[in-house]
Amino acid sequence: MVCNVLEYLEQAGEKYPDKCAFADTTKRMSYTEVVDTARRIGSGILKRGIQGRPVVVIADRDLESLMSFFGIVYAGSFYVPVDKALPVERMKTIIQVMDPGLILYQGKDSKVAEQLGETDKILTIEELLESDIDHEALEQVRAEHLSTLPLYIMFTSGSTGVPKGVVVSHGSVVDLVEQFTRSFCFDENEIFANQAPFDFDVSVKDIYLTIKNAGTMYIIPKSMFIMPKKLMQYLEENKVTTIIWAASALGVVATFKGLDKIKPLTLKNIMFSGEVLPMKVLHYWQANLSQAAYVNLYGPTEITCNCTYYKVDREFAIDEVLPIGNAFFNTEILLLDENNQKAAPGQVGEICVRGESLALGYYNNREATEKAFCQNPLHDFYRDMIYRTGDMGFYNEKGELVFASRKDHQIKHMGHRIELAEIEIQVNILEFIKKCCCVYDDKREKIVLFYESDGEHEVEIIEELQKKLPKYMCPNRMIYMEKIPMNSHEKMDRVKLKKMLGEEAYAEK
Ligand code: AMP
């Protein structure tokens, strides 16, 4: 039984020492080089005496960031990737939640690092690369390892205004890659092309499926996603066999007709997740790459990437919805009604997940953890945790699970998971705001902020939000109101506000 993800890396290194494991735009690294580099970084971190503590990495889309993750794991710690493009204020919030043992960055990002002001904890990856490998110390760490220990923490938007750090163990990632490999028959010939940034758990599948199968992973430069034709050329040139991308990334390629001229025929598996894939996007891909298998993957970060999958096995009309399918092996889906009983066939219920893939909870946040991770309400004989996703679904007549809606105010926008409440909290902090309410305009795919104030303050609001929130969380439209409408429960009337946007869309036609 694999207890530590590094076993995959080392096994691949023994079997295929010279094979390219990872590549970015500037270099390629063989399995031997990856193991050696990671051990070097790990030995350097071990000298700092922070074993078992989290290490924050100011991450970029490159091999150095990836090597630092493996190095941190060699040192018996766990990594917390933070995208270097995030506003400094948000990085500080994450650092505050984590209280990390170390913060790693690359010399080229020293300006960002300086602004964090954590001088006693901050270190460059380059400095760690100079370390000698301390085999004895690394072996000692390995001997003390448990599969239940954290491997990484990914931050997701939090409705209380503070992002939540989802803690995922080695065991859950081992379960993930074993079930994926079994379900999709991956092997050492697999070539993955990584789309998702490293602080987004979609990338976890690329990284760990690569080392589990001794395959190869290319880190696609971010700039390619605004040039979909070049992107397809890149996949073709590198003979990519599998992409596991956010649904929104497939959407970009379809919108800009990226496959019209270049069709990467080496692609065998086209997998997507994160939100409902519009049927016209699927049709476009299928029409251009009919040789590939298409798989809809579903699941939140808290259950380690995905808990269900649906291999597209029939044709769908433009007005049909793709099912999210059935649970992976070693995972169970419970569909619960409002009385916490199993939903009747065809009835909509909350999608709850059970199995080894469940995260360990939210870092340093017992309250949020206990709300979402709780005892299976169907029995009380022994400890049996489920994760309540907040997603609503139902089984269709074929016995496939179908995603219906969200229970709360969480949305997906440009591929990102966002709690609208988190934006509202930041707006409400502003002195001149009396009240505000964020709604999502599904039709135009825009975050709309309604605010009540002494007058219009659009510029000030956006200036303040840009300092604190990632770009994708800043409202796309702001509407000043003298009075925000309230409903009969004295709550802001979101239904009415949404309806107003709907009526506008209707008038535009
Ligand atoms: P994240 O934790 O960022 O991966 O977001 C997880 C949420 O994205 C889920 O709880 C769902 O609301 C949504 N989601 C993920 N995959 C799918 C899918 N295939 N279809 C519909 N919604 C999805």
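The values are calculated or read from the model by the stated rules, or taken from the named source; none is laboratory data. Computed from a predicted model, the values in this text were never measured in an experiment. Backbone-built Cβ (ideal geometry, glycine too); neighbour counts: all protein chains shown. The protein model used for the area step is the full one, side chains on, heavy atoms only, and it has no ligands, DNA or RNA in it. Shrake-Rupley method; radii C 1.70, N 1.55, O 1.52, S 1.80 Å.
Considering the conditions (1) out of contact with any Asp or Glu (no Cβ under 9 Å at 6 or more places or on another chain); (2) within 13 Å of the ligand (Cβ to nearest atom), A246 is excluded by exactly one of them, (1). Listed here are the strands (runs of 3 or more DSSP E) enclosed by region 98-213 that have at least 3 residues being within 19 Å of Y362 (Cα to Cα): 150-156, 164-169.
Taken over region 333-378, the criterion of being closer than 22 Å to V204 by Cα, among the charged types (D, E, K, R) and in a loop (DSSP other than H, G, I, E, B) is satisfied by E356 alone.
Scanning region 292-332 for residues that are assigned to a strand (DSSP E or B), hydrophobic (A, V, I, L, M, F, W, C) and either open to solvent by 20 Å² or more (accessible area, probe 1.4 Å) or modelled with pLDDT under 95 (or both) gives A293, A327. For region 16-53, how many residues meet the condition of being in contact with a Gly (Cβ under 8 Å, 6 or more places away or on another chain), of a type in the set (V, I, T) and surrounded by fewer than 18 Cβ atoms within 10 Å (Cβ to Cβ)? Of the residues in that region, 1 qualify.
One residue alone among V34, V55, V2 is touching a strand residue (DSSP E or B) at 6+ places or on another chain (Cβ under 7 Å) and either under 30 Å from Q96 (Cβ atoms) or not in a helix (DSSP H, G or I) (or both), and that residue is V55. A count restricted to region 11-31 and to residues that are out of contact with any Phe, Trp or Tyr (no Cβ under 9 Å at 6 or more places or on another chain) and part of a helix (DSSP H, G or I) stands at 1. Within region 451-471, none of the residues are within 30 Å of E320 (Cβ to Cβ) and open to solvent by less than 80 Å² (accessible area, probe 1.4 Å).
Could you tell me whether any residue of region 268-291 is within 11 Å of the ligand (Cβ to nearest atom), under 13 Å from the mean Cα position of the chain (by Cα) and open to solvent by 30 Å² or more (accessible area, probe 1.4 Å)? Checked region 268-291: at least one residue is within 11 Å of the ligand (Cβ to nearest atom), under 13 Å from the mean Cα position of the chain (by Cα) and open to solvent by 30 Å² or more (accessible area, probe 1.4 Å). For the residues S203, S157, S223, S169, the requirement of being within 25 Å of Q96 (Cβ to Cβ), without any contact (Cβ under 8 Å) to a residue 24 or more places away in the chain and polar (S, T, N, Q) singles out S203.
Of all residue pairs spaced 6 or more apart or on separate chains, those with beta-carbon atoms under 6 Å, a first member in region 310-325 that is among the hydroxyl-bearing types (S, T, Y) and a second member that is surrounded by 11 or more Cβ atoms within 10 Å (Cβ to Cβ) are Y310/N296; Y310/P323; Y310/I324; Y310/G325.
Please verify whether P150 is surrounded by 15 or more Cβ atoms within 10 Å (Cβ to Cβ) and under 30 Å from I429 (Cα atoms), treating the condition exactly as stated. For P150, the condition - surrounded by 15 or more Cβ atoms within 10 Å (Cβ to Cβ) and under 30 Å from I429 (Cα atoms) - is not met. Only strands (runs of 3 or more DSSP E) whose full extent lies in region 379-429 are considered here, and the ones with at least 1 residues that are more than 10 Å from the ligand (Cβ to nearest atom) and open to solvent by 30 Å² or more (accessible area, probe 1.4 Å) are 385-395.
The set of residues in region 220-240 being outside any loop (DSSP other than H, G, I, E, B) and closer than 21 Å to V202 by Cα consists of K222, S223, M224, F225, I226, P228, L231, M232, Y234, L235.
The criterion of being closer than 19 Å to T93 by Cα and not aliphatic (A, V, I, L, M) does not hold for K446.
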